[in-house]
Every structure is written in structure tokens, then in C-alpha cells.
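A.B. asks: One structure is given below, represented as C-alpha cells, and several questions about it will come after.
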Amino acid sequence: MPAPRAQEAVTVSVFAKRFSATRRGARLARRLATHRLDLWGLPYGSPASDTVTLVVAELASNAVLHGHVPGRDFELRLTYYRAAGLVRVEVSDTHPGRPEIPEPAGQPSADTDGGRGLLLAEAVADCWGVAGRRGPGKTVWAECAVGVAGGQRPVQP
């Protein structure tokens, strides 16, 4: 009988859920993302958690405000690559329009309520983009490095 092989540690964790394309759905997506990050060892209030939560909030808000199609949900997918110290955020909706960062001359004025979501995501994420998806719509994604000072990785739960 062969000897049992040692199991490798889990190095990738995934959370995926669909939410109603409403403000309440966007808020729930942000709250559940923060909770999931905490379970993965990225504690509430840490710089890594705050950064990823901000990206989730902005992308989910955009899916609700600009990607809303009546009767259709949006999906949030978080992928945590522990070995690389990276969290990938993906928000998919069914609207065909593609988001764009406003040109410097077209940036919102200081007294405008909206128009800063992708500017914020671009500022805090290491990279972001838009991809097609199976079926109608698109996926807006962003990647955030979550390593801590000194090059150490977050503690695994």
C-alpha cells in the first residue's frame, strides 16, 4: 500500500455571490467582502482590508448605478492568492456599456456628488480593467497587493 501524500496548504481562496442590483445589494456586497477578508486573515480596519473594501464598494456601486439592467443581479467574486499576497476583485453585471476613467479635463468638480468611483479604484488598486463575460455584460476587475510591511504575508487563519 502506498504511503499517504502530504496535503499542500490552500493557497487560493474564492468567495462568489450574486446580489440584487440595488443600493442595498451594493452595501451587502461590501459588508460581506469585509467579513470574508477578515476570515481569510486580513482583519477589519487593516490597510489591506480597507483597500479591498473600498474597491469592492466602488465597483459594486458602479454596477448598481451604471450597470443596472432591470431584473438582473450583479456578481461579486473575490480571489485571494495567499502565496502572492494578492486579492482580485471582480464585479460582473449584464449592462453592455464599458466604464472609462474620465479625462483630466472631464474630472468631476469638487461639489459634484458622483463620478469618482473608478478614479478611487485606480488610485488604490495595483491594476484594474474590464473583461467580457459569458453571456451579456462585462466584468470590471481590480487587483490589490495585500502584503504587509517587511514583505511578510498576512497571517493565515
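The values are calculated or read from the model by the stated rules, or taken from the named source; none is laboratory data. All values derive from a computational prediction rather than experimental measurement. Cβ coordinates were reconstructed from backbone atoms using ideal geometry, including for glycine residues, and neighbour counts include every protein chain displayed. Areas reflect the complete protein model, heavy atoms only, side chains present, ligands, DNA and RNA absent. Shrake-Rupley method; radii C 1.70, N 1.55, O 1.52, S 1.80 Å.
A.B. asks: First obtain the Kirkwood hydrodynamic radius of the range 1-103 from its Cα pairs, then insert it into the Stokes-Einstein equation at 20 °C and 1.002 mPa s, and state the resulting D in µm² per second as a whole number.
C.D. replies: The diffusion coefficient I find is 144 µm²/s.
A.B. asks: Can I ask one more? Just by accessible area at a 1.4 angstrom probe, what is the order of ASP38, ASP93 from largest to smallest?
C.D. replies: From most accessible down to least: ASP38, ASP93.
A.B. asks: Further, regarding this structure: Please give the per residue volume of the convex hull enclosing the alpha carbon atoms of the range 46-92, rounded to a whole number of Å³.
C.D. replies: For the range 46-92, the hull spanned by Cα atoms encloses 60 Å³ per residue.
A.B. asks: Continuing with the same structure: Taking the Cβ of VAL91 as the center, what net charge do the other residues with Cβ under 10 Å away carry, scoring Lys and Arg +1 and Asp and Glu -1?
C.D. replies: Net charge around VAL91: -2.
A.B. asks: Sort 63-73, 49-59 by the packing proxy (mean of other Cβ within 10 Å over each peptide's residues), most packed first.
C.D. replies: Top of the packing list down: 49-59, 63-73.
A.B. asks: Just to verify a number: FRET efficiency for HIS66 and THR11, C-beta to C-beta distance, R0 = 41 Å, to 0.05?
C.D. replies: Efficiency for this residue pair is about 0.75.
A.B. asks: Distance in nm between label sites at HIS35 and LEU86, each 7 Å beyond Cα in the beta-carbon direction?
C.D. replies: 2.9
A.B. asks: What figure in square angstrom, to the nearest 10, would you give for the accessible area of TRP128 with a 1.4 Å probe?
C.D. replies: 60
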